[in-house]
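Data block below; observations after.
Bear in mind that the values in this text are calculations on the coordinates, not laboratory data. Just so it is clear, the model here is predicted, and its values are computed rather than measured. Here the Cβ positions follow ideal geometry from the backbone for every residue, glycine too, while neighbour counts run over all protein chains shown.
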Amino acid sequence: MNRRTTALAAIALTAGLTLAGCSSSDGKPAGESSGKSSSESSGKPELKVSGAFMPQPVGDMAGGFLTVTNTGGEADKLTSVSSGIATEVQIHETKDQKMRQVKSFDIPANGELKLERGGSHIMFMGLKQQPKQGDKVTIELHFEKADPIKVELPVEARNHNPKQH
Ligand code: CU
């Protein structure tokens with residue numbers, strides 16, 4: 001009878017320890033806080049501009065090239081570009097080797113808009129000055145939803161093309 005009581009006490013003790021162990025591991029599983037911050041990506045467009053440049057212009061027109069990356073969950077549009085360097089700034093696409101003015105360029109959600117040689121580009125018409133290689137030209141990009149972004153275009157050599165073939 002004495003023996004039996006001891007055995008029961010031992011079982012009770014073990015159960016108690018197990019419960020204690022359980023409740024303490026319930027407290028804060030590792031990685032919970034980092035999980036919260038990663039789910040913050042909202043439905044808004046999140047735009048970033050990279051790889052911008054302007055080839056040194058020959059006449060009174062110039063082209064501008066850059067990439068707009070959207071890491072947000074909603075699409076946006078590049079609707080216009082402004083700059084003090086030209087009387088007019090347009091956005092052009094190239095179809096069958098001909099340039100054509102467009103009203104806007106799509107920037108897909110979690111995607112990118114590429115303005116590059118031989119394709120879509122920014123067109124500066126009626127340059128008020130002739131920027132030279134090494135200069136910087138400030139422009140402002142306007143979007144349908146996101147706030148405008150100011151970009152400095154470094155002026156590169158006439159034949160500059162970062163695209164690799
Ligand atoms: Cu053009």
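Check cross-link reach from LYS163 to the lysines: straight Cα distance under 17 Å, and skip same-chain residues fewer than eight apart. Leaving aside lysines fewer than 8 places away in the same chain, those within reach of LYS163 are LYS114. A crude spin-label estimate for the pair THR87 and LYS103, with each label 7 Å from Cα along the Cβ direction, gives 2.6 nm. Each of MET123, MET54 was scored by other Cβ atoms within 10 Å of its Cβ. Listed from fewest to most, they are MET123, MET54. Couplings for region 149-156, taken from phi via the Karplus curve 6.51 cos²θ - 1.76 cosθ + 1.60 with θ = phi - 60°, read 10, 8, 10, 9, 8, x, 7, 10 Hz in order; Gly and Pro are left as x. The string of couplings for region 106-114 from the Karplus curve (6.51, -1.76, 1.60, θ = phi - 60°) is 6, 10, x, 4, 6, x, 8, 10, 10 Hz, one whole number per residue in order, with x for Gly and Pro.
The 3J(HN,Hα) values that the Karplus relation (6.51, -1.76, 1.60; θ = phi - 60°) gives for region 87-101 are, in residue order, 6, 8, 10, 10, 10, 10, 10, 10, 10, 6, 6, 10, 8, 9, 6 Hz. Gly and Pro appear as x.
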